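Contents: one structure, followed by commentary.
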Amino acid sequence: MNDIKSKIYIGFITYGNQTAKYLPYFLPSLKNQTFKDFKILAIDNSEELDNENAKYIKNNFTPLNKVAGEVNQKNIDIADGLKPLADSKYLMGFPEINLRWAGENLGFAKAFNLMIKKAVENGAEYFLALNPDMILEAEAIEELVRVARTDETIAAVQPKILKWNFSENKKTNIIDSLGLLCDQKFRFRDEKQGEIDTMTLEPEEIFGFTGAAALLNLRALRDTAFTDGNKLEYFDELMFMYKEDCDLSLRLRLAGWKIMLAPRAVAYHDRAHSRFGDSLWRVIKNRRGKKRLLKIWSNWGQWLIVLKYVRLSFSPRTKFLIWWYELEVFIFMVLFEQYLLKDFIGIWRERKSVAARREQLKVRINLRELEALMR
């Protein structure tokens, strides 16, 4: 019997066939959670309304009027211009999934910001951001909440994420992520990715969380959100996709919030691409395996992070390492990936937006403390 009570919203994004194939595994893993006190939001970024994600949910969910009486249409709101699917559906014995079709691909940051906004408006305490290409062990959410509630200064809790061999539908003991690491060059990577899981079960503080799965304290998100006077951006919407989790982790850290790993909370992730290492030749191999569009998004996000944070009072050594690394990256782009140079035109156009975000950063810690965690 679950004795932890909290207002939790779970959010995930669907997108065409890329995510539809995972829903028959992902959604049952949510239904089987020992923690039941949550509501589910989802945004469908598919270009077409009638897509495989919508079909799966429609075909496998029971209409609300067969579960809890007639549908009160006034309670099915169209928030932020998102278009509701034809019917509000419930899986028998499962919380409502409030699924909205965006009409276009909003990207990661904007779609999650819309869901977080809804959770905040409904008085939630925590928001669990998930990728649908994963499955969760039954006690994962309960353990995430337990760890989050041990300290009011905890902003985010990440589960232990292991690799899921989706093609053979097998769980593995190979680590996908134990949280984000950031070194003094502002390079981000997933802790112990590709290694065999041998770690202990005690929670521990980590530098950052991966956006694939993280329980976020909404009080912390409101504290560190960017604003233009009209709305709050919890994830930076200048980043369409990739590096949003790195950016938010940095913001939370600077503002004095903690980020934790909950090893007893276990999830399995079918990651499309993993790192091969940090040496020059391994980095080249790593980049050769990435799709061009992913490299464009990642490069864009990386430069936005550098320009937002490098002017802070980091040590001269850290600033030197950051700029030296970016010089190496620039030379690499000139030689091998010239198409990425177009990003600098876009970044120049966004310079005022970047500056406005930089001015809103809350720095409540000694930056030497943060540098000590950058490895």
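Arranged by the count of other C-beta atoms within 10 angstrom, fewest first, what order do Leu361, Leu215, Leu114 take?
Lowest to highest Cβ neighbour count: Leu361, Leu114, Leu215.
For the residue pairs Lys55/Lys295; Lys185/Lys231; Lys185/Lys258, the alpha carbons lie more than 28 Å apart in Lys55/Lys295; Lys185/Lys231.
Report the extension gain between Thr227 and Asn122 in nm, rounded to one decimal, defined as 0.36 nm multiplied by the number of residues separating them, less their alpha carbon distance.
On the way: separation 105, 0.36 × 105 = 37.80 nm, distance 2.00 nm.
Length difference between fully extended and current span is 35.8 nm.
By the beta-carbon count within 10 Å of each Cβ, the least crowded to most crowded order of Glu47, Glu143, fewest first, is Glu47, Glu143.
The alpha-carbon of Lys163 sits under 15 angstrom from the alpha-carbons of these aspartates and glutamates, leaving out residues fewer than 8 places away in its chain: Asp133, Glu137, Asp176, Asp190, Glu191, Glu195, Asp197, Asp270.
Could you sort the peptides 119-130, 260-271, 198-209 by per-residue average Cβ neighbour count (10 Å cutoff), highest mean leading?
Numbers: 119-130: 19.6, 260-271: 21.2, 198-209: 15.6.
With the highest mean Cβ count within 10 Å placed first, the list reads 260-271, 119-130, 198-209.
Length gain on complete extension for the stretch Ala255 to Asp50, per 0.36 nm per residue less the alpha carbon to alpha carbon distance? Write out the running numbers ahead of the final one.
Working: separation 205, 0.36 × 205 = 73.80 nm, distance 4.28 nm.
Gain on stretching Ala255 to Asp50: 69.5 nm.
With the alpha-carbon atoms as the only input, what is the per residue convex hull volume for segment 280-373 in Å³?
On the way: hull volume 11.0 nm³, N = 94.
For segment 280-373, the hull spanned by Cα atoms encloses 117 Å³ per residue.
Test of understanding: ordering Ile161, Ile322 by Cβ neighbours within 10 Å, fewest first, what list do you get? Mind showing how you got there, number by number?
Numbers: Ile161 28, Ile322 20.
Placing the least packed residue first, the sequence is Ile322, Ile161.
Taking the Cβ of Ala140 as the center, what net charge do the other residues with Cβ under 10 Å away carry, scoring Lys and Arg +1 and Asp and Glu -1? Its environment carries a net charge of -2. Ordering 222-234, 241-253, 182-194 by mean Cβ neighbour count within 10 Å, with the highest value first, yields 241-253, 182-194, 222-234.
How charged is the neighbourhood of Val266? Take every other residue with its Cβ under 10 Å from the Cβ of Val266, and add Lys/Arg as +1 and Asp/Glu as -1. Numbers along the way, then the final one.
Numbers: positive: Lys160, Lys171, Arg264; negative: Glu137, Glu139, Glu143, Asp197.
The answer is -1.
Counting alpha carbon pairs within less than 8 Å and at least 6 residues apart, what relative contact order, in whole percent, applies to segment 8-269?
On the way: 539 pairs, mean separation 61.1, N = 262.
Result for segment 8-269 is 23 percent.
All distinct Cα pairs of segment 313-356 go into the 1/r average, and the inverse of that average, the Kirkwood radius, is 12.0 Å.
So what is the diffusion coefficient of segment 8-269 in µm² per second by Stokes-Einstein at 20 °C and 1.002 mPa s, using a Kirkwood Rh over Cα pairs?
Details: Rh = 18.8 Å.
Diffusion coefficient, whole number: 114 µm²/s.
Any read-out appearing in this document is the output of simple, stated calculations on the displayed coordinates, not a laboratory observation. Keep in mind it's a predicted model, so treat the numbers as computed, not measured. As a convention, Cβ positions derive from the backbone with ideal geometry for all residues, glycine included, and neighbour counts pool all protein chains shown.
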